[in-house]
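To start, the structure under review is shown below, and the notes come after it.
The values are calculated or read from the model by the stated rules, or taken from the named source; none is laboratory data. Values in this document were obtained by computation on a predicted structure and should not be read as measured data. With ideal geometry, Cβ positions are generated from the backbone for all residues, glycine too; neighbour counts draw on all protein chains shown.
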Amino acid sequence: MTDVEGGFPRSAEFDEFVGRVRKRLVAGAAEYGDSSFERPVGEVAGEISEELLDVAGWAWVMWCRVEALRRHVGVVKAVEEARRTPLVDVGQDPDLRRWNSDSPLDAFFKAFK
């Protein structure tokens with residue numbers, strides 16, 4: 001926040017937001033006619049209500065996508081952890097070591113023979 005105008009903090013982000021709102025108002029006036037200020041208040045309230053339902057609906061869609069991504073990341077982390085964890089502690093048992101002869105543990109056990 002860089003300065004305060006009328007008690008409201010200003011920032012480059014806020015200025016961008018206001019510019020984008022202004023652009024949409026101008027585009028709406030051009031597309032639908034510049035009659036927004038003459039519309040009955042009840043109609044405008046109905047439009048706002050519909051838009052808020054759209055925002056809530058899109059928020060639900062985004063929430064579902066983020067949750068799916070979180071679950072996917074959790075599964076990926078679990079798989080990575082499982083790959084780092086030996087399935088069996090082969091210890092010094094040569095019969096068990098034979099089944100893991102390509103593993104890094106094999107080199108470890110050979111060092112102590």
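Quick one: in the range 1-53, which of the residues that are surrounded by 11 or more Cβ atoms within 10 Å (Cβ to Cβ) and aromatic (Phe, Trp, Tyr) is modelled with the highest pLDDT?
Once the filter is applied, the top-ranked residue is 17.
From the list 83, 98, 65, exactly one residue is modelled with pLDDT under 60 and part of a helix (DSSP H, G or I). Which is it? Spell out the reasoning first.
On the way: 83 fails: modelled with pLDDT under 60; 65 fails: modelled with pLDDT under 60.
Result: 98 is the single residue among 83, 98, 65 that is modelled with pLDDT under 60 and part of a helix (DSSP H, G or I).
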